[in-house]
1. What number of residues in segment 94-128 are open to solvent by 10 Å² or more (accessible area, probe 1.4 Å) and small (Gly, Ala, Ser)?
2. For segment 21-45, give me each residue that is at pLDDT 90 or above, open to solvent by 60 Å² or more (accessible area, probe 1.4 Å) and either in contact with a His (Cβ under 9 Å, 6 or more places away or on another chain) or among the charged types (D, E, K, R) (or both).
3. Based on this model, can you work out whether Val89 counts as at pLDDT 90 or above and either open to solvent by less than 20 Å² (accessible area, probe 1.4 Å) or in contact with a His (Cβ under 6 Å, 6 or more places away or on another chain) (or both)?
4. Mind checking which residues of segment 46-69 are open to solvent by 20 Å² or more (accessible area, probe 1.4 Å) and assigned to a loop (DSSP other than H, G, I, E, B)?
5. Being over 13 Å from the mean Cα position of the chain (by Cα) and not acidic (Asp, Glu) narrows it down to one residue among Val101, Val135; which is it?
6. For the list (1) on the phi < 0 side of the Ramachandran plot; (2) modelled with pLDDT under 95, I need the number of the one condition that Val96 fails.
7. Before we move on, is Thr42 more than 26 Å from Pro153 (Cβ to Cβ) and touching a strand residue (DSSP E or B) at 6+ places or on another chain (Cβ under 6 Å)?
8. Would you call Leu78 crowded, with 23+ Cβ neighbours inside 10 Å, under 17 Å from Thr188 (Cα atoms) and in contact with a helix residue (DSSP H, G or I) (Cβ under 8 Å, 6 or more places away or on another chain)?
Amino acid sequence: MTVRAVVLPATALLVPGAGGATGALQPLRDAVLAALAEAATTTPRRWAVLADAAVTRRDARRASLAAAGVADRWVPALPPAPAGPSDAVAGVAASVALWAVAAVAGPGALADTRVVETGPGASPADVVAAADVLVGADLLVVASPGPHGPAGPASAVLADLARRGGWSPRTATVRVDAPHLPPVYEVTSWSTPAAAGDGAAAHAD
């Protein structure tokens, strides 16, 4: 099996330093990074990020948690923005995913990482267009703002990609002991047989 996508709960508190000294989400952080590290052993270099956001946009690759009320200077774990034509700031969910990519693959991986953010007004045509952009990625990181997977247009994009590639999900649950946080989070890996994955990549070309 080849892992093609990992869905992570993209709470800002997942990024080290964003929640102060609390370590309540350390088990979730470990589970997310372990899932991505495992996936990275079966996929080469082309990463992509899919996230729901306030607006639909592509390739905003500067990570920031400022929209969640966390100043960037307080979070040194956030990766630096890669050089490129866009200096637009990614939404919070996409920024958490960018941190995860950099934590597993190194900040250099962000230079070639596609970022697709889907806004609440995304149409069926927007969903197909987003899937068309992402289908050629080796490994997709789907940033869910909730604890149990995406619920907005990103969910439809993921479903389209899973249908095209024959992906099947495997979900791990992580329990968190903190009164102010959800008690259970989910990290889901979507996999496909290597032959089917090769076919999806060929379709993208």
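1. 11
2. The answer is Asp30, Glu38.
3. Values: at pLDDT 90 or above: yes; either open to solvent by less than 20 Å² (accessible area, probe 1.4 Å) or in contact with a His (Cβ under 6 Å, 6 or more places away or on another chain) (or both): no.
Spelling it out, it is not the case that Val89 is at pLDDT 90 or above and either open to solvent by less than 20 Å² (accessible area, probe 1.4 Å) or in contact with a His (Cβ under 6 Å, 6 or more places away or on another chain) (or both).
4. At the first step, the residues of segment 46-69 found to be open to solvent by 20 Å² or more (accessible area, probe 1.4 Å) are 46, 52-59, 61-62, 66-69.
Result: Arg46, Ala53, Ala54, Val55, Thr56, Asp59, Arg61, Gly69.
5. Numbers: Val101 fails: over 13 Å from the mean Cα position of the chain (by Cα).
Of Val101, Val135, the one residue that is over 13 Å from the mean Cα position of the chain (by Cα) and not acidic (Asp, Glu) is Val135.
6. (2)
7. The answer is yes for Thr42.
8. Working: crowded, with 23+ Cβ neighbours inside 10 Å: yes; under 17 Å from Thr188 (Cα atoms): no; in contact with a helix residue (DSSP H, G or I) (Cβ under 8 Å, 6 or more places away or on another chain): yes.
It is false that Leu78 is crowded, with 23+ Cβ neighbours inside 10 Å, under 17 Å from Thr188 (Cα atoms) and in contact with a helix residue (DSSP H, G or I) (Cβ under 8 Å, 6 or more places away or on another chain).
The values are calculated or read from the model by the stated rules, or taken from the named source; none is laboratory data. Just so you know, these numbers come straight off a predicted model, no measurement behind them. Cβ sites come from the backbone with ideal geometry, for glycine too, and all protein chains shown count toward neighbours. Just the protein is used for accessible areas: all its heavy atoms, side chains included, with ligands, DNA and RNA removed. Shrake-Rupley method; radii C 1.70, N 1.55, O 1.52, S 1.80 Å.
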